[in-house]
1. Using the eigenvalues of the Cα gyration tensor, what equivalent ellipsoid semi-axes result for the range 95-174 when each is taken as the square root of five times the eigenvalue, whole Å, largest first?
2. DSSP loop (so not H, G, I, E, B), at most 15 other Cβ within 10 Å: list which trypsin sites (Lys or Arg not before Pro) in the range 96-176 pass both filters.
3. Give me a comma-separated list of calculated 3J(HN,Hα) values for the range 63-80, in order, Karplus coefficients 6.51, -1.76, 1.60 applied at θ = phi - 60°, integers in Hz, x for any Gly or Pro.
4. When every alpha-carbon pair in the chain is counted, what percent end up more than 21 Å apart?
5. Per residue of the range 114-130, in order, report the coupling 6.51 cos²θ - 1.76 cosθ + 1.60 (Karplus, θ = phi - 60°) as ³J(HN,Hα) in whole Hz, putting x for Gly and Pro.
6. Based solely on its DSSP helices, what 222 nm [θ] is calculated for the chain when runs of n ≥ 4 H residues each add -39,500 (n - 2.57) and the sum is averaged over all residues, nearest 500 deg cm²/dmol?
7. Which angle from 0 to 90°, rounded to the nearest 10, does the C-alpha axis of helix 6-27 make with the longest principal axis of the chain?
8. Can you give the accessible area per residue of the range 95-174, in Å², using a 1.4 Å probe?
Amino acid sequence: MKVNLKIPIFMLALLVSMGTLGFHIIEGETILKSLYWTVVTITTVGYGDVTPNTELGRVFAMALMVTGIGVIFYILTGVGKNIIEGRIWEIFTMSEKEKEIKNVKDHLIICGYEDIGATITEELLLGNESVVIIDQDGKLLREKASGLPYVVGDPTKEEDLEKAKIDKAKGLFATL
């Protein structure tokens, strides 16, 4: 199961923004100093130079500490899971592949890239056809189809067919 890191990274950015704004409003500090306080608080570094001046500021800092640690552990867990499953490369290249597929239309979807799927793809490309490949084997796609638009996923699942823009495709080859 691929862990989506977009949500926790968004949560962290939101937390930093809210923390910065909160310290700015509650403690009356500059944006830069409020950002510094937020980062020091979330990371629990605590250099000793960060001390909210008001009771409300201290309560806010405590809430920020607890929430920040939770978000950071959530992100680290997701990254660790993806490293263990060998999916880090997919995460960094997926947005590039998604951009390739985003505007594709009148293309042919190849479901399964081993042997027959690769041969069909080659023939279609020789005929100047546009293709999008769906296969569960991300390693195979990275090694053999890296220059082509592809979706790492299960071609029997509607969500993966939607990622390949089936609604704009003119045909599909099932080579599973």
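1. Details: eigenvalues 47, 43, 30 Å².
Equivalent ellipsoid semi-axes, largest first: 15, 15, 12 Å.
2. Values: sites: 97, 99, 102, 105, 139, 142, 144, 157, 163, 165, 168, 170; in loops: 105, 157, 165, 170.
Listed in order of number, the matching sites are 105, 157, 170.
3. Using θ = phi - 60°, the values come out as 5, 5, 4, 5, 5, x, 5, x, 5, 5, 5, 4, 5, 4, 5, x, 5, x Hz.
4. Working: 9124 of 15400 pairs.
The proportion of pairs with Cα distances above 21 Å equals 59 percent.
5. 3J(HN,Hα) across the range 114-130, in whole Hz: 5, 6, 4, x, 5, 5, 4, 4, 4, 5, 5, 5, 4, x, 6, 8, 8.
6. On the way: 7 runs with 103 residues, N = 176.
That calculation yields -19000 deg cm²/dmol at 222 nm.
7. 20 degrees
8. Numbers: 4690 Å² over 80 residues.
The answer is 59 Å² per residue.
The values are calculated or read from the model by the stated rules, or taken from the named source; none is laboratory data. As the structure is a computational prediction, the values presented were derived from the model and not from experiment. Here Cβ is always computed from backbone atoms with ideal geometry, including for glycine, and neighbour counts include all displayed protein chains. Calculation scope for accessible area: heavy atoms of the full protein, side chains included, ligands and nucleic acids excluded. Shrake-Rupley method; radii C 1.70, N 1.55, O 1.52, S 1.80 Å.
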